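Novice: The following block contains the structure, expressed as structure tokens.
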Amino acid sequence: MKDQVIPKATAKRLPLYYRYLRILNNSGKQKVSSTELSEAVQVDSATIRRDFSYFGELGKRGYGYDVEALMNFFAKTLNDDHMSNVALVGVGNLGSALLKYKFHQSNSIRISAAFDVNEDIVGRIVDGIPVYPLSDMAEQIKLQQIDIAILTVPAESSQPIVDDLVKSGIKGILNFTPARLHAPKSVLVQNVDLTNELQTLIYFLHANSQDENK
Ligand code: ATP
């Protein structure tokens, strides 16, 4: 890989490419052109070529891409050739839904432990995943070599949990709470604020319909 930082927008498109390449590979297709890829993933082909250029020579001009080689390359880049054990903290409505969720774009993401403080839930197995008391979090994270945590606790409880997760060696946090979390630079925090996303969508819907009425 070339020694440069991949733009976030490019990084976000990689799972899209990877997913489609897996579909092609499963159907026995060996070559794909950037135009075909572009139509399937709805990203224009100039953007695809630019995205791919960050990784060096992935194909030859006018020849198309080798599906299996490209799929394997993205599997490595996205770490999909290694099992990633993930922890989930907070087995409420959203947390329980995520425990049920099949991470269908990936072979390799597995929520292996959940944590909560509610005694009614602790000690149970929810959708095949054991729910431990919060007091066991550091121990289980080390034992199960967990690098990533999903946070679905109430916003006001989130920061002390993040501090404990960081102390336990967690490297990445997917934060579903609306709280802005403090963590050292070495820990990546990705925020998924569903309310925010919907409000943005609603804002754009109204802005567009006002434009149309002009
Ligand atoms: P959601 O916000 O997912 O819809 P909910 O409304 O069912 O969930 P919340 O009050 O948001 O419930 O709590 C989510 C979960 O987080 C609950 O199962 C709760 O027991 C758990 N929880 C609350 N505080 C903590 C904490 N400090 N550590 C771990 N889990 C916690």
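The values are calculated or read from the model by the stated rules, or taken from the named source; none is laboratory data. This structure is a prediction, so every number in the text was calculated from the model and none was measured. Neighbour counts run over all protein chains shown; Cβ positions are idealised from the backbone, glycine included.
Novice: Considering each of Val86, Val122 in turn, give the residue that is surrounded by 12 or more Cβ atoms within 10 Å (Cβ to Cβ), more than 16 Å from the chain's Cα centre (by Cα) and of a type in the set (A, V, I, L, M).
Specialist: None of the others qualify; the one that does is Val122.
Novice: Given Leu174, Leu165, which one is at pLDDT 95 or above and part of a strand (DSSP E or B)?
Specialist: On inspection, the qualifying residue turns out to be Leu174.
Novice: Of all residues in region 97-107, how many are within 16 Å of the ligand (Cβ to nearest atom) and under 20 Å from Lys171 (Cβ atoms)?
Specialist: Matching residues across region 97-107 total 1.
Novice: Could I ask something else about it? Tell me which residues, restricted to region 128-148, are within 11 Å of the ligand (Cβ to nearest atom) and not β-branched (Val, Ile, Thr).
Specialist: Of everything in region 128-148, those that are within 11 Å of the ligand (Cβ to nearest atom) and not β-branched (Val, Ile, Thr) turn out to be Tyr132, Pro133, Leu134, Ser135, Met137.
Yes or no, residue by residue, for (1) modelled with pLDDT of 90 or more; (2) over 29 Å from Leu151 (Cα atoms); (3) within 16 Å of the ligand (Cβ to nearest atom):
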residue: Leu21; (1), (2), (3): yes, yes, no
residue: Gln30; (1), (2), (3): yes, yes, no
residue: Gln42; (1), (2), (3): yes, yes, no
residue: Arg49; (1), (2), (3): no, yes, no
residue: Gly62; (1), (2), (3): no, yes, no
residue: Glu68; (1), (2), (3): yes, yes, no
residue: Thr77; (1), (2), (3): no, no, no
residue: Ala87; (1), (2), (3): yes, no, yes
residue: Gly95; (1), (2), (3): yes, no, yes
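Novice: Yes or no: Thr195 part of a loop (DSSP other than H, G, I, E, B) and either within 16 Å of the ligand (Cβ to nearest atom) or assigned by TED's automatic domain parsing to the domain that holds Met71 (or both)?
Specialist: No; evaluated as a whole, the condition is false for this residue.
Novice: Is it the case, given these coordinates, that Pro160 is within 16 Å of the ligand (Cβ to nearest atom), part of a loop (DSSP other than H, G, I, E, B) and in the same structural domain as Asn118 (by TED's automatic domain parsing)?
Specialist: no
Novice: Within region 150-174, work out how many residues are among the small types (Gly, Ala, Ser) and within 17 Å of Asn93 (Cα to Cα).
Specialist: Count: 3.
Novice: If Ser38 meets every condition in (1) crowded, with 16+ Cβ neighbours inside 10 Å; (2) in contact with a Gly (Cβ under 9 Å, 6 or more places away or on another chain) apart from one, which number is that one?
Specialist: Only one criterion in (1) crowded, with 16+ Cβ neighbours inside 10 Å; (2) in contact with a Gly (Cβ under 9 Å, 6 or more places away or on another chain) is unmet by Ser38, namely (2).
Novice: Also, I was wondering about something else. Restricting attention to region 185-214, report how many residues are aliphatic (A, V, I, L, M) and over 29 Å from the mean Cα position of the chain (by Cα).
Specialist: 1
Novice: Which of the residues that make up region 31-44 are polar (S, T, N, Q) and either on the phi > 0 side of the Ramachandran plot or not in a helix (DSSP H, G or I) (or both)?
Specialist: Selection gives Ser33, Gln42.
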